[in-house]
Amino acid sequence: MSAGETDLGIVLGTRPEIIKLAPVINAAERRGAEYTVIHTGQHYSRTLDGVFFEQLELSPPAYNLDVGSDTHAAQTGAMVAEIERALLGETPETVVVHGDTNSALAGSVAASKLDTTLSHVEAGLRSFDRTMPEEVNRVVADHAADHLFAPTADSAATLREEGIPDERITVTGNTIVDAVTRHRDLAERKSTVLAEFGVAPGDFFLLTAHRAENVDDRDRFERLLAGVAECAATAEQPVIYPVHPRAAERIEAFDLDVPAGIRLVEPQSFLDFLRLETAARLVFTDSGGIQEEACILGTPCITLRDNTERPETVSVGANRVIGVEPDAIVAGARAAARAPRGWENPFGDGRAAERILDTVGIGTRRASAEEVTR
Ligand code: UD1
Ligand code: UDP
């Protein structure tokens, strides 16, 4: 395989990757770059996949590998083989992966075996908890990558401490700021989700919980729900919980009694979810991306985990990492409600995608080719 027939081979497979790589795809289109989107099929339910391609105005992916759900190794192994096949046909100059999912891991492994460079967007995040599948995935992607796009100076410092050469690292900001900047006003104007759920700004809580370490453990999941329900009961306000399919399955399999006050709803589209996040009194979450978004949107966040790979959100005063003990959740929510708002957004200026393409030479490479033929 000789690299360079296509500029970018973009590998994605899950909801957050679609949302956070959309700005890179949009920027590639603006620059007239040739790109191919390879969708692994890790997420396939319309509510986690198709709805985002439509709402973010992305063309359908050139490849859908249809890998679906399985054990980690079976899923990742199938993706590696299929991504390699697609890359051999496309010969991109660089393969772009995002974050820490099994799709990102598979894209990184496949690319690093071929004559192409690997670009890792959202590099240098660490929870320092190797029991989480995401931590292993992001470490492998970072150490395989040729271009590491760190969202903050702190994530770049982490990479340097791990011995990654400085010339591979660029601080870009996080592409979620690009996505939020583009869609926030649209969400405010277009979304009718608050009326649909019968809630007013500041008068409800928003919850998401889908991480394996929480929802696959019956006891943890129950404590988490009990803590959030207690906050809601004290405030006499409802909790809206858009339920990820993984959590929905666990609720059913464990036959969980979800406390009254927590309203289970379908996963939301990006615009509706942004509207809910902006209007919520407080966000409870174990999601990585939602910790960032709440911080960018100015809504206080309680993280229902024992650690975070987004410590910048905590340093600026937007986020509290609380775990799942009900008493701690109640105390954390009380402290968050009293704390001052108006913190700085630590994730950049919304031009991360442009910096990423500048660094891999998209645009500059095309300009110099034009100059040669002139
Ligand atoms: C994955 C990522 C996680 C990320 C999340 C984003 C890994 C290891 N985990 O977790 O880091 O936060 O995506 O949402 O990559 N399912 C459906 N429909 C789908 C996809 C999944 O019903 O479209 C169900 C299946 O029962 C599946 C389960 O959800 O077994 C888990 O899916 P999987 O892709 O393995 O991991 P996520 O929990 O989605
Ligand atoms: N999100 C959404 N609808 C929902 C829940 C989340 O659009 O019902 C978006 C959210 O705005 C954020 C992203 O999904 O951009 C976060 O993805 P997720 O929580 O699935 O994964 P993580 O960030 O934890 O990997």
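Quick notes on this structure:
- Residue list for the stretch 126-184, restricted to those being polar (S, T, N, Q), part of a loop (DSSP other than H, G, I, E, B) and within 18 Å of the chain's Cα centre (by Cα): 127, 152, 172, 174
- Top-ranked residue of the stretch 125-151 - restricted to ones that are within 16 Å of ligand 2 (Cβ to nearest atom) and of a type in the set (Gly, Ala, Ser), ranked as farthest from residue 358 (Cα to Cα): 127
- Taken together, the residues in the stretch 105-125 that are part of a helix (DSSP H, G or I) and surrounded by fewer than 24 Cβ atoms within 10 Å (Cβ to Cβ) amount to 2.
- Here residue 32 meets the list (1) farther than 18 Å from residue 179 by Cβ; (2) touching a Lys or Arg at 6+ places or on another chain (Cβ under 7 Å); (3) within 16 Å of ligand 2 (Cβ to nearest atom) almost entirely, failing just condition (3).
- Test: residue in the stretch 63-72 that is among the polar types (S, T, N, Q), more than 14 Å from ligand 1 (Cβ to nearest atom) and modelled with pLDDT of 95 or more: no
- Members of the stretch 235-249 that are within 11 Å of ligand 1 (Cβ to nearest atom), surrounded by fewer than 18 Cβ atoms within 10 Å (Cβ to Cβ) and not aliphatic (A, V, I, L, M): 245, 246, 249
Residues are listed down the side, and each one gets a yes or a no for (1) free of Cβ contacts under 8 Å to residues at least 60 places away in the same chain; (2) away from ligand 2 (no atom under 12 Å from the Cβ); (3) polar (S, T, N, Q):
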{"site": "156", "(1), (2), (3)": "yes, yes, no"}
{"site": "172", "(1), (2), (3)": "no, yes, yes"}
{"site": "209", "(1), (2), (3)": "no, no, no"}
{"site": "219", "(1), (2), (3)": "yes, yes, no"}
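- Scope the stretch 266-280; condition away from ligand 1 (no atom under 16 Å from the Cβ) and in contact with a strand residue (DSSP E or B) (Cβ under 6 Å, 6 or more places away or on another chain); matching residues: 276, 280
- Which listed residue is loosely packed, with under 14 Cβ neighbours inside 10 Å and modelled with pLDDT under 95, from 260, 253: 260
- Residue 74 being over 18 Å from the mean Cα position of the chain (by Cα) and free of Cβ contacts under 8 Å to residues at least 12 places away in the same chain: yes
- Scanning the stretch 197-219 for residues that are of a type in the set (D, E, K, R) and closer than 12 Å to residue 286 by Cα yields 211, 213.
- You will find that of 169, 176, 164, the residue that is in contact with a Leu (Cβ under 6 Å, 6 or more places away or on another chain) and among the hydrophobic types (A, V, I, L, M, F, W, C) is 169 and no other.
- Residue, farthest from ligand 1 (Cβ to nearest atom), within the stretch 197-225, restricted to residues that are assigned to a helix (DSSP H, G or I) and in contact with a Phe, Trp or Tyr (Cβ under 9 Å, 6 or more places away or on another chain): 197
- Residue 75 being touching a Leu at 6+ places or on another chain (Cβ under 8 Å) and either at pLDDT below 95 or over 24 Å from residue 146 (Cα atoms) (or both): no
- Inter-residue pairs, beta-carbon under 9 Å, first under 15 Å from residue 274 (Cβ atoms) and in the stretch 184-204, second surrounded by fewer than 13 Cβ atoms within 10 Å (Cβ to Cβ), 6+ apart: 194/200; 194/201
The values are calculated or read from the model by the stated rules, or taken from the named source; none is laboratory data. Keep in mind it's a predicted model, so treat the numbers as computed, not measured. Cβ atoms come from the backbone with ideal geometry, glycine included; neighbour counts cover every protein chain shown.
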